[in-house]
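Only one structure is covered here, and it is reproduced in the block below.
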Amino acid sequence: MIRDRSVLALLGGELVSRLGSQIANLALPWFVLVTTGSPTKMTLVFAVELVPVVVLGVAAGSLVQRIGPRAAMLIADGVRAPVIALVLLLHELGGLTFGLILAIAALQGAFSCAYFSCQRVILPAVVGEDERTLGQANTLLEGATNLTQLLGPALAGILIAFVGAANVMWIDAASFFVAFVLVGAFVHVERVAHDPAESGGVLAGFRYLRGDRLVGRVSLTSLTFGFLFPVLVASFSVLAYESYNHNPRIAGLLLSAIGGGQVVGSLAAFRLVAKFPPLRLESIGLIATALPLWLLVPHVPIWLVAPALAIVGCSLPIINAPYITLLQTRVPVALRGKVLQSVITINGVAGPLAYVIAGPLFVHAGLHVAYAMVAALATVASANFIFTVLSEPSVPRAQAAA
């Protein structure tokens, strides 16, 4: 599979464009901070880029379903490259205002919000419908994402220090252009025509999640973890400050433990999904994620906390790949883009909401009470998944469900 040109192009495009985005995630706010001197304006740029995920996410799923994932990816990469370059060009010409920065950030978010679902919708057309092959393809894409998340911020900091934030953003623009070329030149799939009645309207993805008991309850577990992990990540700075002598290196260590674990987990998942039924493998991954979280409830030495978080990080790809594979193989082809985008949109709301709740929770309940709540909800979500899968006699293919 890894010798397939289409798979390699998707993987290369993900590596290059995601690394560029990770670099820009630091470079653009830094650029705004340096040029305006305002932390408030810097955070507004973050917020405006996330708004399209919530506002346009569901509609984006319908667009992906209508024009096809390959065309949607080409449009997204083809627009994002000049959009980033426009910021730099206007800055050089002296015509860049903060209002224009916000508008460009919103445009960037709008053309990014459906990219994940495009990648996953196109995979069955590239590698086939076999669930274990699909699982391996999903682990490759997730592994590329996890690697860039681990390396991107550190690389961005080094590059900004040497060449400046504006010059670093040219790398992001170039990365989208490279991804456009790779997908356009090497990813070739047949366009599948659908009866418009099969797609069921803009909200069809939500209706499918509500109507399919297995997919709905399994997605509830996934979305619960999508809410809990921002709370967990937000806690690391507080934990380092309150319990480890105000040491920022501890917060960095904890983030690196999860990030490094995710990279290792992606490598392990690539082998494991080929040997074990996906839902059974995900059940094991959920248990391996929930149990170490209980170690955070009491105050324990850092040499216990870091390995526990590394195990959590390692388990995440073992959870995610089977879940995405379930959506790819069970959901009818005419609805896949909408269902995947519906899940992403709900996560897009849950993540920021978790960050909003986390601060008051740490203040009023205390950090370790918050950890107990996270561990308890993770355990309940894992039990929900396992009991749902055990009560399901079989997992029909998408063709049978269509």
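The values are calculated or read from the model by the stated rules, or taken from the named source; none is laboratory data. Note that the coordinates shown come from a computational prediction; the quantities given were computed from them, not determined experimentally. No Cβ is skipped: glycine too gets one built from the backbone with ideal geometry, and neighbour counts run over all protein chains shown.
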Worksheet entry | Filter result for PRO360 (farther than 19 Å from THR139 by Cβ and within 15 Å of the chain's Cα centre (by Cα)) | no
Item to complete: Would you mind telling me which numbered condition in (1) at pLDDT below 85; (2) under 17 Å from LEU11 (Cα atoms) LEU140 fails?
Response: (1)
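Residue-by-condition table, conditions (1) modelled with pLDDT under 90; (2) basic (Lys, Arg); (3) part of a helix (DSSP H, G or I); (4) touching a Leu at 6+ places or on another chain (Cβ under 6 Å):
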| residue | (1), (2), (3), (4) |
| --- | --- |
| ALA161 | yes, no, yes, no |
| ILE171 | yes, no, yes, no |
| VAL189 | yes, no, no, no |
| ARG207 | no, yes, yes, no |
| GLY216 | no, no, yes, yes |
| THR221 | no, no, yes, no |
| LEU232 | no, no, yes, no |
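Picking from PRO307, PRO278, which residue would you name as being touching a residue at least 12 places away in the same chain (Cβ under 8 Å) and touching a helix residue (DSSP H, G or I) at 6+ places or on another chain (Cβ under 6 Å)?
Only one candidate qualifies: PRO278.
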Worksheet item: If you scan the range 220-253, which residues turn out to be buried (at least 19 other Cβ atoms within 10 Å of the Cβ), among the polar types (S, T, N, Q) and within 17 Å of HIS299 (Cβ to Cβ)?
Response: SER235
Worksheet entry | Cβ pairs under 9 Å, 6+ apart, first in the range 119-142 and without any contact (Cβ under 8 Å) to a residue 40 or more places away in the chain, second hydroxyl-bearing (Ser, Thr, Tyr) and in a helix (DSSP H, G or I) | ASP130/THR329
Fill in: Of the criteria (1) of a type outside the set (S, T, N, Q); (2) modelled with pLDDT of 90 or more; (3) closer than 17 Å to ARG120 by Cβ, which one LEU63 fails
(2)
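Name the residue that is farthest from ARG213 (Cα to Cα), counting only residues in the range 352-388 that are exposed (fewer than 14 other Cβ atoms within 10 Å of the Cβ) and hydrophobic (A, V, I, L, M, F, W, C). Let's see the steps before the verdict.
Filtering the range 352-388 for residues exposed (fewer than 14 other Cβ atoms within 10 Å of the Cβ) gives 353, 355-356, 359-360, 363-366, 369, 380, 387.
Next cut, hydrophobic (A, V, I, L, M, F, W, C) only: 353, 356, 363, 365, 369, 380, 387.
Values: LEU353: 26, VAL356: 30, VAL363: 38, ALA365: 35, VAL369: 33, VAL380: 17, PHE387: 12 Å.
Per the stated criteria, the residue is VAL363.
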Worksheet entry | Among residues of the range 206-247, those that are under 17 Å from MET373 (Cβ atoms) and hydroxyl-bearing (Ser, Thr, Tyr), counted | 3
Fill in: Answer from GLY95, GLY78 - the residue that is under 23 Å from the mean Cα position of the chain (by Cα) and not aliphatic (A, V, I, L, M)
GLY78
Discussion item. Between a residue in the range 60-83 that is not assigned by TED's automatic domain parsing to the domain that holds LEU335 and surrounded by fewer than 24 Cβ atoms within 10 Å (Cβ to Cβ) and any residue that is of a type in the set (D, E, K, R) and outside any helix (DSSP H, G or I), which pairs come within a Cβ distance under 6 Å, given they are 6 or more apart or on different chains?
Written reply: GLY68/ARG191
Worksheet item: If you go through the range 56-78, how many residues are closer than 22 Å to GLY348 by Cα and out of contact with any Cys (no Cβ under 9 Å at 6 or more places or on another chain)?
Response: 8
